[in-house]
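Below: one structure, written as structure tokens.
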Amino acid sequence: MNNAKATTLGIQHLLAMYAGAILVPLIIGGELGFDSTQMTYLVAIDIMMCGIATLLQVMRGKMFGIGLPVVLGCTFTAVFPIIAIGSDKGIGAIYGAVITSGIIVVLISGFFGKLVKFFPPVVTGSVVTIIGISLIPVAVNNMGGGQGAPDFGSASNIALAMITLVIILVIYRFATGFTRAISILLGLVVATIIAAFMGKVDFSPVTDASWFHMVQPFYFGTPTFDLGAIITMTLVAMVSLVESSGVYFALGDITKQKLDSKDLARGYRSEGLASIVGGIFNAFPYTTFSQNVGLLKMTGVKERKVIFITGAMLVTLGFLPKVAALTTIIPTAVLGGAMLAMFGMVVTQGITMLAPEISLSPENAMVAAISVGLGAGVVFVPNIFAVLPESVSILTSNGIVCGSLTAIVLNIVFNMIGPKRVDPMHAETVEVK
């Protein structure tokens, strides 16, 4: 393949993941009260780290890199936990937890395959569903202009949010192929242009931003290490590894490569290393982006060279603050409209994972019901277990942790111990593996 064609395909992959990549820092920075300069840096470093994480994974070394044409970005499953940790424990606790969870992933990468049995679809689906539900209020608040905004809930904000959503839906309904794949990105761009004509776009962050900057470690402060935050981010990392495993096998099938345990270990190790580097440079944990797998299938081009180019372009963009600043001028209401679509998809992703498991057995239905109900309940009523000792509240004060641990324990109780059971709905013997 010539360089011109490879570069064109690399740009396509960049555009396919760009909306997901920039929304994460925009959401987190907005919720934590970052100013325009901090937001610009956060977006820039996140884009750069997406590129570094991608390059670490696309290569095939002795210890790192699964060697598949995979693009990495920050998982949306990390968004709510990061916001919760930052709001409660401070910025330093976020990065201490990200770095530590990355170290844990590197250490367990060799035998994570043995731990996967504790994260079947009924567990990971429950966790993803809880996270999706917990993100919806963030989207709705932003649709109104952002919690605490003087014009919160104004007609102009609601109109912009709905315009964004309608644009995304129209493109998704009538477009095909690559255009459909970037419907979120196109919706953000078109709605921001409309918002500019309404006088709701402030271009000063772009004019104030420099053309080039050097990234620096611990830009937002040195990490601190809080046990509850570390447990939260480690659980998020485990769920991400399970999701990544599915992407690895899908890509292995597409590229006709048979993956073994050593390949998977290198892939897990690269994700852990990406999280460590991300935490040092005050970015985020990184995982595989499934939307790029769809683009790979659509184009039929499976060469790693294309993804190397995508990764290199992402790293280059990370050194260009003006490009990052362009994303920070998107009005909050426009972001809210796009978030509703994306976070709603997180919920449906969790439901999709749960649906076949629930139909498989009533035990799985109970596991999902209790874990999702309890996890979401703690998200919305965080002080419900405040009377418990502090050593226990580490596990009960966070909805993600509470729901995840509940799902893991109930899955063990119902599906991993005890004798064979007869499923009354299917009238057949069910043996849990």
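The values are calculated or read from the model by the stated rules, or taken from the named source; none is laboratory data. Because the structure is predicted, anything quoted here is derived from the model rather than measured. Glycine also receives a Cβ, built like all others from the backbone with ideal geometry; neighbour counts cover every protein chain displayed. Heads up: the accessible areas ignore ligands, DNA and RNA and are worked out on the full protein's heavy atoms, side chains in. Shrake-Rupley method; radii C 1.70, N 1.55, O 1.52, S 1.80 Å.
Candidates in the stretch 160-214 are the residues that are more than 20 Å from THR328 (Cβ to Cβ) and of a type in the set (Phe, Trp, Tyr); of these, the one that is modelled with the highest pLDDT is PHE174.
The residues on offer are VAL43, VAL106, VAL70, and the sole one that is farther than 18 Å from MET313 by Cα and aliphatic (A, V, I, L, M) is VAL106. If you go through the stretch 299-334 and keep only what is outside any helix (DSSP H, G or I) and open to solvent by 30 Å² or more (accessible area, probe 1.4 Å), you end up with GLY300, LYS302, GLU303, PHE319, LEU320. Hey, can you tell me all the residues within the stretch 1-33 that are part of a helix (DSSP H, G or I) and of a type in the set (Gly, Ala, Ser)? Across the stretch 1-33, the qualifying residues are ALA4, ALA6, GLY10, ALA16, ALA19, GLY20, ALA21, GLY29, GLY30.
Just one of the numbered conditions (1) more than 19 Å from VAL315 (Cβ to Cβ); (2) surrounded by 22 or more Cβ atoms within 10 Å (Cβ to Cβ) is not true of LYS62: (2).
Being surrounded by fewer than 23 Cβ atoms within 10 Å (Cβ to Cβ) and under 24 Å from THR224 (Cβ atoms), is that true of even one residue in the stretch 68-75? Looking through the stretch 68-75, none of the residues is surrounded by fewer than 23 Cβ atoms within 10 Å (Cβ to Cβ) and under 24 Å from THR224 (Cβ atoms).
Given the condition buried (at least 23 other Cβ atoms within 10 Å of the Cβ) and either of a type in the set (Val, Ile, Thr) or within 19 Å of the chain's Cα centre (by Cα) (or both), answer yes or no: does some residue in the stretch 104-111 qualify? Yes, the conditions are met somewhere in the stretch 104-111.
Condition (residue is surrounded by fewer than 19 Cβ atoms within 10 Å (Cβ to Cβ) and not hydroxyl-bearing (Ser, Thr, Tyr)) applied to the stretch 267-275: is it met by at least one residue? There is no residue in the stretch 267-275 that is surrounded by fewer than 19 Cβ atoms within 10 Å (Cβ to Cβ) and not hydroxyl-bearing (Ser, Thr, Tyr).
Of all residues in the stretch 27-47, those satisfying the criterion of being open to solvent by 10 Å² or more (accessible area, probe 1.4 Å) and aliphatic (A, V, I, L, M) are LEU32, MET39.
Selection of the stretch 34-83 for residues being in a loop (DSSP other than H, G, I, E, B) and in contact with a Leu (Cβ under 8 Å, 6 or more places away or on another chain) yields PHE34, PHE64, GLY65, ILE66, LEU68, PRO69, VAL70. Of the residues ILE193, ILE182, ILE133, ILE168, only one is farther than 21 Å from GLN349 by Cβ and of a type in the set (A, V, I, L, M); which? One residue alone meets the criteria, ILE193.
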